[in-house]
């Protein structure tokens, strides 16, 4: 997957966006398909998404993230976004999505948030 780097750590899937063109309107469908292919349709995924390389996010990029969240949560999974630049974080705030998505500062915080609870 040229646009995404996918790794596993502590039962969490970490996806880093390596090609930010997926958040531009002409490429949004290809990006949405690419990001959704990471998610198993019948498994409760714990996915941490690194948005650190994004300087901006278009409405199409937001739609792709909403689609990802919907698919993950439909299977009782969880999505955490991390590494947002201040300008991207501001877009989320203005659109009222800062509370809709779980957003943390860095990878370690994302993994901690997604780690299964110890009984």
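Please treat every number below as a calculation from the coordinates, not as lab data. All figures in this text were calculated on a predicted structure; none of them were measured in a lab. A quick note on method: Cβ atoms are made from the backbone with ideal geometry, for glycine too, and the neighbour counts reach across all protein chains shown.
Quick notes on this structure:
- Rh by Kirkwood over Cα pairs, then Stokes-Einstein D for the chain at 1.306 mPa s and 10 °C, µm²/s: 112
- Arranged from fewest to most other beta-carbon atoms within 10 Å of their beta carbon, 50, 99 become 99, 50.
- Relative contact order (percent, whole number), the chain, Cα cutoff 8 Å, 6+ residue spacing: 26
- Ranking of 101, 82 by neighbouring Cβ atoms within 10 Å, starting from the fewest: 101, 82.
- Cβ-to-Cβ counts within 10 Å put 80, 104, 63 in ascending order as 63, 104, 80, the fewest first.
- Taking every C-alpha pair closer than 8 Å and separated by at least 6 residues, the mean separation divided by the residue count of region 69-117 gives a relative contact order of 42 percent.
- Each principal axis of the Cα atoms in region 52-93 has its own extent, and those three values, largest first, are 31, 19, 18 angstrom.
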